[in-house]
């Protein structure tokens, strides 16, 4: 144990002396949290709309008003013809065409049904889909209001069914609230996996590991001496990230913070194990960076951080089960946003000690003091 | 006759089809300064790495301080000190911190650590640089520090892999003074070098050519046998066919 103390002391001296690593550990997470959480959003705001109002009636104006009032759409063009509007779409001057045909108001009043053309630039299908669903909501609201007015005029009954959605856990449907817990997991992963792997390989590249290898230092002592600092740094990065999430983004923290840390502690064991495995397979920092980034990217893509796991093909969904990151992302969202306790996250939790229990021993066995 | 502390018996190491060390045999007695000579690529470092338990031999046997290097490398490591040809202490730690780390790893008590490091720093004349990061020290001092750290736990045998590579003649001379000093206290020194004048400082030398030992003995005896004026001459004579062939 005494030997370990000397190793840890050395490791922390080096980490705190390093002018690149330390800022990287503490500044990068904050930057990433700020940039990613703000940029990684599927919310579409002020989409450019070409308006082709061929009706010029009070009703058509009210409809346009509905679109403009939401802030999601901005009328940026009023082309004279559909052909001109299509040209705008082609040149990306507009993302959507709102085409109100002639007699819109009249049709609506007389037949209680009217036609409307909405055309989207769907090169970016996701954005087009989102715009389309925004439009649907706006049109629904418009329709209800018009109907209410008609009902007063004609004394007919108001619609029988009225839906009013209520969004739980994330009332404002804030994309950021949804993203931040996942990004926190990504940060913890970067420190625990990438930095850990690079640190060990760096010693190999510089040659300092050889000097350690000719001492009677035990394999486990070396490994524990390497993993503990990055395990602690991972937790420190999490603490910092949570603080930024709370103070800068006002992300609700509804569940237990100690629970988050307890789970991160187990999760980091698995990530440290992966880092150690990466370092055992690499001779240069370049190789290690490449390998660690590959593992990291694969983990992120299969984690449900950016893309919902439910919409992945079945085989990919199965793969995510083997990805510790996917479980921690889900757990962190549940704890922070839903306030889940241990009972509600167990279905995902047990994968983490299992992953650590498999990865860590394999990595330790793979690490050699004697070249073969 | 002093006890044999290093013994190689037909020690061999191959990397794929390439034989880096080819059935070398020799013995080093306790307290000797043994010069392990050879051109670059002759297999010196590979041989040393097997003897210090960093590399598994392909065949043959190496016995160091009574332990088999293949079967019990960790026991060997407790008995030896090692200074690699590439400086491998921590450049981002200070002189005192490096000494403390290795003292700690070798299990020195706190009192021993304190006494040892004070003594070492004084002997190396590094008092003014005690809290200086090693990266800022000139190469010659770094080598001295590395040697001192290799001796820290009072090992029976110290392996020095080209300890004087790249340093100026005066520092080299001083370095050999410390080697003599260590030998006088009973430590066995196994030194590789390709400075032939340094070979003359050794009790016995071996010359490796293409993975084999081409000559072995006391410098004076070798010169007599080969009818040469200097070790340099013998070395060139032995190594030239190999170099020409490659």
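A short reminder: the numbers here are calculations on the coordinates, not readings from a lab. For clarity, every value in this text was computed on a predicted model and none was experimentally measured. In this analysis, Cβ positions are derived from the backbone assuming ideal geometry, glycine residues included, and neighbour counts consider all displayed protein chains.
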Exercise. Would you mind checking the range A:44-66 for residues with the amide N under 16 Å from a putative spin-label position 7 Å along Cα→C-beta of residue A:116?
Key: A:49-66
Quiz item: Per 5 Å bin, what percent of the C-alpha pairs of the range A:1-149 does each bin hold, from zero upward?
Solution: 2, 8, 14, 15, 13, 9, 6, 4, 4, 4, 4, 4, 4, 3, 3, 2, 1, 0, 0
Exercise. Working from the alpha-carbon coordinates of chain B, get Rg over Rh, Rh being the Kirkwood radius.
Key: 0.97
Quiz prompt | Averaged over B:105-112, number of beta-carbon atoms from partner chains that fall within 10 Å | solution = 3
Self-check item: Per residue, the convex hull volume that the Cα atoms of the range A:181-279 enclose (Å³)
Solution: 91
Quiz item: For residue A:239 and residue A:80, FRET efficiency with R0 = 56 Å and r from the beta-carbon atoms, rounded to 0.05?
Solution: 0.40
Exercise. Between residue A:90 and residue A:145, with labels modelled 7 Å along Cα→Cβ, what's the label distance in nm to one decimal, could you check?
Key: 3.5
Quiz item: Using a Gaussian network for chain B with springs between C-alpha atoms less than 10 Å apart, which of these wobbles most: B:110, B:98, B:40?
Solution: B:110
Exercise. Starting from the Cα of residue B:125, step 7 Å along the direction of its Cβ; do the same at residue B:18; then give the gap between the two resulting points in nm.
Key: 4.1
Quiz item: Which whole-number percentage describes the relative contact order of chain A, with Cα contacts under 8 Å and a sequence gap of 6 or more?
Solution: 18
Practice problem: Could you work out the mean count of beta carbons from other protein chains within 10 Å of each residue's beta carbon in A:215-221? | Solution: 5
Quiz item: DSSP beta bridges in the protein assembly as shown, what fraction antiparallel, as a percent rounded to 5?
Solution: 45
Exercise. Output the relative contact order of the range B:113-246, whole-number percent, from Cα pairs under 8 angstrom with separation of 6+ residues.
Key: 15
Practice problem: For a label point 7 Å from the Cα of residue B:27 along Cα→C-beta, name the residues of the range B:212-228 whose backbone N is under 15 Å from it. | Solution: B:217
Quiz item: Using Cα pairs under 8 angstrom and six or more residues apart, how large is the relative contact order of chain B, in percent?
Solution: 26
Quiz prompt | Residue with peak Gaussian network fluctuation, chain B [Cα springs, cutoff 10 Å], from B:115, B:27, B:215 | solution = B:115
Practice problem: Give the distance, in whole Å, between the Cα centre of the range A:308-372 and the Cα centre of the range B:77-118. | Solution: 40
Quiz prompt | Helix-only [θ]222 nm of chain A, DSSP H runs n ≥ 4, -39500 (n - 2.57) each, per residue, nearest 500 | solution = -21000 deg cm²/dmol
Quiz item: Relative to the longest principal Cα axis of chain B, at what angle does helix B:169-184 sit, 0 to 90 degrees, rounded to 10?
Solution: 90
Quiz item: Can you give the percent of C-alpha pairs in the range A:96-142 whose distance is more than 15 Å?
Solution: 53
Quiz item: With chain A treated as a Gaussian network of Cα nodes joined by springs under 10 Å, which of A:94, A:239, A:322 yields the largest mean-square fluctuation?
Solution: A:94
Quiz item: Going from the alpha-carbon gyration tensor of the protein assembly as shown, what semi-axes, largest first and in whole Å, does one get by taking the root of 5 times each eigenvalue?
Solution: 75, 25, 21
Self-check item: At 0.890 mPa s and 25 °C, Stokes D of the range B:94-144 from Kirkwood alpha-carbon radius, µm² per second
Solution: 222
Quiz prompt | Protection proxy ranking of B:16-26, B:45-55, A:223-233, A:310-320 - average other beta-carbon atoms within 10 Å, highest first | solution = B:45-55, A:223-233, B:16-26, A:310-320
Quiz item: Taking Cα atoms, how many degrees apart are the long axis of helix B:231-245 and the longest axis of chain B, rounded to 10 and kept between 0 and 90?
Solution: 70
Quiz item: Per residue of A:16-23, what is the mean number of Cβ atoms on other protein chains within 10 angstrom of that residue's Cβ?
Solution: 1
Quiz item: Nearest 10 degrees, 0 to 90: what angle lies between the long axis of helix A:196-206 and the longest principal axis of chain A (Cα atoms)?
Solution: 50
Quiz item: How large is the helix-only mean residue ellipticity at 222 nm for chain B, computed as the sum of -39500 (n - 2.57) over DSSP H runs with n ≥ 4, divided by its residue count, in deg cm²/dmol to the nearest 500?
Solution: -11500 deg cm²/dmol
Quiz item: Stretch residue A:354-residue A:219 to full length: gain in nm at 0.36 nm per residue minus the Cα-Cα span?
Solution: 46.3 nm
